[in-house]
Amino acid sequence: MARKDLRQELRAGEALLVTAPFGAAGLLLVPLAIGSDVPLLRQIGPGLYWVVMLLFGVLVTLRQSAVDGPAQLAMVRLFGVHPAVRLAGRAAANTVLLLIFEALLIPVAVILYDPDLSGWVWLLPVFPLVAVGLALLGTLANALAQGLASRTALGPLLVVPVSLPLLLGATQVLEAARYGHQPWSWLLLILTVDLAVAVALGLVSRHLEEAA
């Protein structure tokens, strides 16, 4: 299922080729607005990177989910694919796309903001953990809004509030490492959100199985 979604995105390219330039433009607008205050830009750079990552990452996950119409879902059911497998495949594909999206935005943020990256090694687990959490949230929101005409508009309203702990944890990991503190508690916060959303997604898949 994940391979199917990734092949579809490779052919269309809409989730990344459309969203990534807008994410880069979002990072560019702030320096244009506040001017050349280098110390301020270096201070707010990491936080703005994660804000743009989460807001535009939501669009990546929901755009990827929007390709599943009634005909596609009926075909998946006809082949006997379990809802848990379908949702896990979608979450895995979303994770890959979000990791690519993160990688595309990193050089833009570094060039524009020249942030203090002391303690950058702590970011290595943050990138996959945030990508997994946001992918799970996007998949969960799509599953909850499945069949609704306004699911594209409803998705961000479901995902963005719940993703705030991911934003808080991601920004504070680098901040804590910069001052010589061990940011394990912030990593644990992100991991807890990932596990909680994974459990919720499992419950939703069970409900979808019973409804089918």
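Please sort 19-27, 124-132, 174-182, 87-95 by packing, taking for each peptide the average over its residues of neighbouring beta carbons within 10 angstrom, highest first.
Result, highest mean first: 87-95, 124-132, 19-27, 174-182.
Going by Cα centres, region 1-29 and region 32-58 are how many Å apart?
21 Å
Find how much the distance from Arg42 to Gln182 grows on full extension, using 0.36 nm per residue of separation minus their present alpha carbon separation; answer in nm with one decimal.
Between Arg42 and Gln182, full extension yields an extra 48.2 nm.
Once you place label points 7 Å from the Cα toward the Cβ at Ile111 and Met1, how far apart are they in nm?
About 3.8 nm, to one decimal.
What's the extension gain from Leu124 to Leu104 if we count 0.36 nm per residue and subtract their Cα-Cα distance?
Net length gain for the segment: 5.7 nm.
Read the figures in this text as sums done on the coordinates, not as results from a lab. Here the structure is a predicted model, which means the values were calculated and not measured. Every residue, glycine as well, gets a Cβ built from its backbone with ideal geometry; the counts of neighbours run over all protein chains shown.
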